[in-house]
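K.L.:
The following block contains the structure, expressed as structure tokens.
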Amino acid sequence: MTAIIPRREEFLSKPPVALPRSRPIDCDVLLSSTTRSQRIASGARTFLLFILLCSLLSLAGARLSASLQGTDFIDFYAAARMLADGHGHQLYDANAQRQYQARYSGRVGTLYIHPPFEALVYLAVAWLPLKAACLLWWVLNFGFLALATHHLAAEVSSQYDWRTLFAAALTFVPILLCLLQGQDSILLLLFFVFAFTTLRRARAFAAGCWLALGLFKFQLALPLCLILLVSQGGAARSQLAKGFGLVALALALVSVAIGGWSVFTAYPLFLLHLPEQPFAGIFPQAMANFRGLLFLAVPAWPSAWIFGAASILSAMALLKAVADWRGASVDAPPNSASPENFDVPFASTVVFALLVSYHLNPHDLSLLLLPIYLLANPNWKRTSRPRTAAGWLRASLLAILLLPPLHLLALRAHSYSLVAIPVLMLFLTSGSQGQDAAIK
């Protein structure tokens, strides 16, 4: 049967058939859908993080009664209770501190050795019974850490969600030690992060204020401030000094209100004679700094010799830290096109402050989170794939310091000063980071 093929004229004579028109793409709907998905994912991450924190708090609460007796939190709690009872003038009386410790915890241990004004911070929790106060301090520390990671993620890198950084920080052993001890190093980390971000935005006065708030650990805040004052330009240096000096003066007046004018002599004398006290809590073998490193290398040296050698090493490290800033050609905070001109020297300065501090506990290495994050910033193409031997070494050191094995082995060996070795190596290699930028 032959197929009938229509002629061309028949096609032309028929009216055209209207094809269905496609609907225009509504960009607003697509953006709204994407935003909704992002919000759902963000909410899910927040919920999972909340579950993690609740689990940690539940575990801590279940084991707190057995472990609280060996923590530093009791020292802070007793000092805050002394302030609440109007005995601030006896804050550096060792016998008075022990009486308060025995009254509220049933044990006597290490003493409160920080400046008077910090005891006011612990008044925020000291109105509660000891166990409940410790749990509330945990919650506050979680808040401090969340603020620090959120601030860093917003300021430095958009590739990492702050919740991911927060969860990763909870695996960092010094952070866990700070939580377990009820210490204040996470609060100091927050102040350093605020100082970094404000100085990065050319707000030197605010940066000086944040640094001064960290004077409750003056052995760490003062070296950091010293390097920044030396390295910054004239206007920034002046504003930084004004902010630091103003807040430092205010904290000094608060200390006078707590303990009277005699506090300026009582506190230094208390620290000077602290090694004579039982349970002084001074263990050079647990210090990941120059002092601990020298104690590890030459344990037979007298304290005066170790102090002298540590001073020489500190002076050399100061020259290196200043050279890092000058090598980056920084007179003011950089623009977004070259963040390494500011971030890398600042990271090196934080590591410098840890090394030269004469007193350093394992939980104080919580401050290492700031330089670790800055030196591993994924926004820098050169750091995602190191081009030099120094770059590969630096990446290895960051991994060694961030991951738990080294910290746990050093703690188990009762020689946490071993951690000073990779910290020192990180300090020595961090200056070459700026030079990697030219190798692409």
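FYI, it's all coordinate maths here, none of it is from the lab. What you see is a predicted model; the values in this text were computed from it and never measured. For neighbour counting, all protein chains shown are included, and Cβ atoms are generated from backbone atoms with ideal geometry for every residue, glycine included.
K.L.:
If r is the Cβ-Cβ distance from ALA84 to ALA323 and R0 is 51 Å, what FRET efficiency results, to the nearest 0.05?
P.N.:
0.60
K.L.:
What length, rounded to one decimal in nm, is gained on full extension from VAL139 through to ALA399, with 0.36 nm per residue of separation minus their alpha-carbon distance?
P.N.:
Values: separation 260, 0.36 × 260 = 93.60 nm, distance 2.78 nm.
Fully extending the segment from VAL139 to ALA399 adds 90.8 nm.
K.L.:
Of MET287, MET82, how do they rank once you tally other Cβ atoms within 10 Å and put the fewest first?
P.N.:
So the residues, fewest neighbours to most, are MET82, MET287.
K.L.:
Still on this model: Could I have the simple spin-label model distance between TRP127 and ARG201, label points 7 Å from Cα toward Cβ, reported in nm to one decimal?
P.N.:
3.2 nm
K.L.:
Charges on Cβ only, +1 for Lys and Arg, -1 for Asp and Glu, centred on the Cα centroid of the stretch 68-435; of CYS209, GLY234, LEU190, which one is farthest towards the dipole's positive end?
P.N.:
Of the listed residues, the answer is GLY234.
K.L.:
Report the relative contact order of the stretch 68-435, percent, no decimals, based on alpha-carbon pairs under 8 angstrom and at least 6 residues apart.
P.N.:
Worked out over the stretch 68-435, it gives 19 percent.
K.L.:
On to the next question. If I model a spin label as a point 7 Å beyond the Cα along the Cα-Cβ vector, how far apart are those points for GLU155 and ARG107 in nm?
P.N.:
Result for the modelled spin labels: 3.7 nm.
K.L.:
So, with +1 on the Cβ of K and R and -1 on the Cβ of D and E, and no other charges, what is the size of the charge dipole of the stretch 68-435 about its Cα centre, to the nearest 20 debye?
P.N.:
Numbers: 21 positive and 14 negative charges, 125 e Å.
Charge dipole, the stretch 68-435, about its Cα centre: 600 debye, nearest 20.
K.L.:
If Lys and Arg each add +1 and Asp and Glu each add -1, what is the summed charge of the other residues whose beta carbon sits under 12 Å from the beta carbon of ALA153? Walk me through the intermediate numbers first.
P.N.:
On the way: positive: ARG163; negative: GLU155, ASP161.
Once all neighbours under 12 Å are counted, the net charge is -1.
K.L.:
Express in nm, to one decimal, how much length is gained between LEU253 and GLN219 on full extension, taking 0.36 nm for each residue of separation and deducting their alpha carbon distance.
P.N.:
Fully extending the segment from LEU253 to GLN219 adds 10.3 nm.
K.L.:
I need the phi-derived Karplus couplings for the stretch 177-194: 6.51 cos²θ - 1.76 cosθ + 1.60, θ = phi - 60°, integer Hz, Gly and Pro marked x.
P.N.:
Couplings: 5, 5, 5, 5, 7, x, 8, 10, 5, 5, 4, 5, 4, 4, 5, 5, 5, 4 Hz.
K.L.:
How many nm is it between the label spots at MET425 and GLN277, if each spot is 7 Å from the Cα in line with the beta carbon?
P.N.:
Modelled inter-label distance: 3.7 nm.
K.L.:
Counting other Cβ atoms within 10 Å, keep those with at most 13, restrict to DSSP loop, and tell me which trypsin sites (Lys or Arg not before Pro) in the stretch 98-153 are left.
P.N.:
ARG107
K.L.:
Another question, then. Give me the extension gain from LEU409 to ALA167: residue separation times 0.36 nm, minus the current Cα-Cα distance, reported in nm with one decimal.
P.N.:
On the way: separation 242, 0.36 × 242 = 87.12 nm, distance 2.23 nm.
Extending this stretch completely gives an extra 84.9 nm.
K.L.:
Same structure, new question: What fraction, in whole percent, of alpha-carbon pairs in the stretch 68-435 exceed 40 Å separation?
P.N.:
On the way: 7571 of 67528 pairs.
In whole percent, the long-distance tail amounts to 11.
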